[in-house]
Structures are given as C-alpha cells and as structure tokens.
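S.K.: Below: one structure in structure tokens.
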Amino acid sequence: MTAAQQQGLDTTIAMSSEEHEDHEPSSSRDLSCIQDSLPGIAHRVFRKTAQNNKLCLYLGNRDVVVSNSSSTKIHGIVLVEPDLLRDTKKKVFGQITLTFRYGREDEEVMGLKFCNEAIMCLAQIYPPHENAQREQNTPLQEMLIQRLGSNAHAFSMEITHLAPPSVQLVPAKEYNGAPIGTSYDIRVYIAERADEKLQRKNIVKMGIKVVQMASAPPPPTPTPRSDQPKGWRQRGPQATSEKPFLLSDGKVTLEANLDKAIYTHGDPIHVNISVKNTSKKAVRRIKVFIVQHVDVCMFSNGKFKNTVASDECADVPIPGNGGSLEKEYLLHPIKARTKNWIALEDSLGSAVNKSEGTLSSTVVCVSPEDRNVFAIYVTYYVKVKLLIGAMGGQMSLKLPFTLMHTPSNTYPAECKDASCTSLGPCLMVDSKEAAMTSEEQCTNNLAL
C-alpha cells in the first residue's frame with residue numbers, strides 16, 4: 001500500500017508519510033495520532049516501516065508491565081503488501097527478543113561479541129496457526145484494520161512474568177555505541193520458516209520496554225524506638241543506631257525514617273533524623289545521601305554503587321552531655337556525573353549520556369533461587385552518616401526504599417511530532433493507550 005493510499009484511507013493522521021520522508025528514511029520510527037470515531041478523541045500509535053517499504057508495524061503501546069504472577073500483552077497491527085505473500089509458502093512471523101549487552105561495542109574486535117540474544121515469544125501472525133488460540137481484537141486494532149484495509153493483520157504477543165525489566169547501563173567514560181544492558185524489541189518478518197536466515201531490509205523492528213509496577217512496599221525491618229518525639233513520621237522505613245565508647249560514659253543515638261516506602265519518579269525523598277548525644281564527644285558532621293546499587297547477575301564482581309543525591313547538615317557540631325538535633329532533609333534523586341556505571345531507564349534502542357535519561361526504577365529479585373542471568377538488579381537506599389570528633393570515629397545507618405512506577409503514576413510516553421519545539425517527555429499522553437483531545441498540543445520532539 002503506497003503512502004498516498006494510506007493517506008486516503010485515513011485523513012486524520014497527524015503527520016503524513018510524504019511529509020515525514022523529507023526528514024527521515026522510511027525505516028525510521030514516527031508517531032501518529034489517529035482520530036477515533038468519537039469527536040475530539042485520538043489514540044497515540046507507534047509506527048515503524050521496513051527498509052523495503054512493504055512491511056509496516058503499528059503498536060498502541062510499547063510498555064510491558066510485569067508483576068509477580070502476570071504480564072501485559074503487546075497488541076499490534078502488521079500491514080503487508082500483497083505481493084510479498086504471493087508465494088503460498090510465505091508466512092508472517094513475529095517475535096519478542098531480549099538483548100543483553102554486557103560490554104562496549106567499540107571494544108568488540110576479532111569477531112568477539114559482548115551481547116547475547118534470547119527469543120522470549122514467537123508467533124505466526126498470518127496466516128494464523130491452526131493450533132493458535134484466537135483472541136478478540138482490541139478497539140484500537142479494530143479501528144486500525146478499518147483504516148488500513150484487508151492487508152492489515154492483528155496480533156497479540158505475551159512474555160513470561162519472569163522476564164527481567166529493561167535497564168540501560170551508561171559507562172563512566174564517554175560512549176556512543178549500542179545501548180548496554182537489558183533491552184527488548186519486537187520483530188516482524190516474512191519467511192517460509194520461523195528460523196530462516198533473513199535479510200535486514202525485510203525485517204521491521206521496534207523497541208519495547210519491560211517495566212515492573214509497585215503494588216505493595218517490601219517487608220520493612222525497622223528497629224522500634226521509644227520516646228518518639230512529636231511529629232515523628234512512621235509510615236516508611238525507620239532504623240536506629242547507637243554508638244557507645246569504650247573509655248568514656250554516654251553514647252550517641254541516631255534515629256531516622258522516611259515518609260513512605262515506595263516513591264515514584266520525580267517525588268522528593270523526605271528523611272527525618274534525630275540525634276541524641278549523651279557522651280562527652282561532639283558530633284562534627286552529618287551527611288545524608290541516596291545510593292543506587294547495581295548488581296549485574298552475569299558477573300560475580302558486577303556490583304557498583306553511585307551517589308544520586310546528597311546533603312549535609314549545617315547545624316553542627318552537636319555538643320556532648322545532652323546535645324540533640326532533629327531535622328528533616330529533602331532529597332531529589334537525579335542522574336549526575338559518577339565514577340562508576342550508572343543504571344538508567346531504557347531509551348528504546350538509542351544510547352544515552354549520563355546527562356540524559358532518568359534513573360532506573362528499582363528491580364527486585366524475589367528470591368536468590370530466581371536470579372536471572374540476564375537481569376540487572378537495581379536498589380536504592382538512604383544512608384545517614386555521622387562523624388564524631390575526638391577519636392570517636394563514625395556511625396551510620398541505611399533506609400532502603402523503592403523507586404518505581406506505580407499504577408497511579410502515569411509516566412510520559414516518548415513522542416516525536418514535527419510541531420514540537422521543546423525537548424523532554426511529552427507530559428500530555430501516557431505511554432499506555434491513553435486518549436487526548438485534538439486541541440491539546442504536543443510538547444516534545446524526542447526521536448523514537
């Protein structure tokens with residue numbers, strides 16, 4: 001089907017194919033708003049065309065949400081030129097592929113590859129397999145089939161809930177190669193067999209993202225405290241640490257807590273601390289910081305930490321013999337220049353710098369027996385550190401928390417609209433099949 005025929009079928013496409021070809025090749029990704037039958041309502045659709053311009057993939061959602069026992073499905077449409085299926089032996093296949101890259105692409109020499117691939121789902125889209133279970137099309141699929149015609153074929157694919165979430169690692173040194181970490185893509189191709197060797201021009205590939213959703217906070221391990229001051233928050237994790245001294249009386253007691261256990265991206269972290277000093281030594285310094293801990297399961301030494309937020313107390317020193325301090329800190333975890341590799345959100349196929357992207361969500365492991373070799377586990381915790389003078393040493397405690405998308409957190413979708421003038425996420429439309437009015441304007445020009 002030519003571009004002119006596509007435009008004739010649906011005149012409500014926000015960016016026509018002819019306009020888009022002036023800026024990018026036909027194999028690039030673009031985003032269109034296809035108007036529903038209801039007035040003033042539109043659906044956001046991701047579209048990718050193969051290099052031969054005869055195979056096109058449409059997705060209404062590029063996010064797969066996994067939980068403890070289930071995962072969401074990917075629903076899409078494949079538009080195929082009729083001449084590709086003239087041979088009755090040809091079939092349309094689709095697969096979801098996991099790519100785990102554990103090394104820099106610019107260091108691959110002598111045929112050495114630092115990446116592994118695994119097929120998470122394989123399906124025969126057209127003609128449907130005789131043993132395949134027929135599923136009802138979604139309203140968006142029905143609408144696209146009506147717009148695109150009889151050469152459009154609907155499909156649904158699902159991966160296991162044990163699939164590791166998408167995480168992208170950014171090296172400490174400058175790097176512009178293929179994204180490092182765990183990533184996913186959906187590939188659609190035409191072949192006689194599913195395992196047939198293919199030409200690149202006959203494949204259409206689009207990146208997708210696997211994310212975990214937080215439903216309940218992790219089981220806390222707090223230390224109960226006595227004599228709680230007025231206004232002390234107890235909704236989140238809390239901990240207590242005491243430091244006695246061998247050659248002097250008294251001790252330093254440090255207590256801290258968070259306002260909640262699960263934070264969404266962009267939320268400030270409220271840290272309440274209480275210090276009581278009954279010793280003869282003074283507390284010289286108080287530092288509060290947030291640490292991102294990354295564990296690459298494939299390697300025994302693939303663990304590293306990064307400080308993503310920090311603050312120091314100016315109300316020091318705290319004198320001994322009864323000195324005390326109660327203070328609340330407000331921390332904002334953000335990406336910054338670090339000495340180690342840092343874990344960021346998957347950029348859906350494009351490499352990012354440390355100055356771009358957002359911090360990765362928490363990736364938890366249910367049990368040590370369920371550790372996935374392709375997984376990259378990311379955890380966060382707040383650390384409060386006290387430096388005590390007069391040879392008193394230091395003391396600290398940790399408060400783990402979860403940084404994750406929640407069902408109530410409508411994180412923005414990536415957008416690439418020719419009318420956008422600003423960089424950053426489009427704050428209007430959620431990454432799911434959300435609806436928006438035609439009067440609303442896009443606020444992003446981020447390439448997909």
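S.K.: Just subtract the alpha-carbon distance of GLU328 and LEU162 from 0.36 nm times their residue separation and send over the number in nm, one decimal.
M.R.: Value of the extension gain: 55.9 nm.
S.K.: Name the residues of the stretch 155-174 whose amide N is less than 18 Å from a point 7 angstrom out from the Cα of VAL373 along the C-beta direction?
M.R.: 162-165
S.K.: Next question. Leaving out same-chain residues fewer than 8 places away, which lysines sit with a Cα under 28 Å from that of LYS48?
M.R.: The qualifying lysines are LYS73, LYS89, LYS90, LYS91, LYS113, LYS197, LYS201, LYS205, LYS209, LYS354, LYS416, LYS432.
S.K.: Return the long-range amide H neighbours of ALA172 (sequence gap of 5 or more, or a different chain), with a cut-off of under 5 Å between placed amide H atoms.
M.R.: Distant-sequence amide H within range of ALA172: TRP341.
S.K.: Sequence-distant or interchain residues sharing an amide H contact under 5 Å with ILE388, placed H: which?
M.R.: ARG284, GLY393, GLN394, MET395
S.K.: Out of residues 5 or more away from GLY323 or on other chains, whose amide H comes under 5 Å of its own, with H placed 1.01 Å from N in the peptide plane?
M.R.: Those qualifying (amide H under 5 Å, at least 5 residues apart or on another chain) are ASN277.
S.K.: Pulled fully out, how much extra length does the chain show between ASN68 and ALA172, if you take 0.36 nm times their separation in residues and subtract their Cα-Cα distance?
M.R.: Going from the current span to full extension adds 34.1 nm.
S.K.: Skip the ligands, DNA and RNA, and give the accessible area per residue of the stretch 250-294 with a 1.4 Å probe, whole Å².
M.R.: Solvent-accessible surface per residue comes out at 30 Å².
S.K.: Keeping the other protein chains in place, figure out the carbon and sulfur percent of the accessible area of the stretch 157-210, with a 1.4 Å probe.
M.R.: It is 45 percent, rounded to a whole number.
S.K.: Could you rank the peptides 113-119, 272-278 by their average count of other C-beta atoms within 10 Å per residue, with the highest value first?
M.R.: 272-278, 113-119
S.K.: Which order do the peptides 336-348, 312-324 take when ranked by the mean count of other beta-carbon atoms within 10 Å per residue, highest first?
M.R.: Descending packing order for the listed peptides: 336-348, 312-324.
The values are calculated or read from the model by the stated rules, or taken from the named source; none is laboratory data. It should be emphasised that the depicted structure is a prediction, and the values quoted were computed from it without experimental measurement. Positions of Cβ are generated from backbone atoms using ideal geometry, with glycine treated the same way; all protein chains shown enter the neighbour counts. Accessible surface areas use protein heavy atoms only, side chains included; no ligands, DNA or RNA. Shrake-Rupley method; radii C 1.70, N 1.55, O 1.52, S 1.80 Å.
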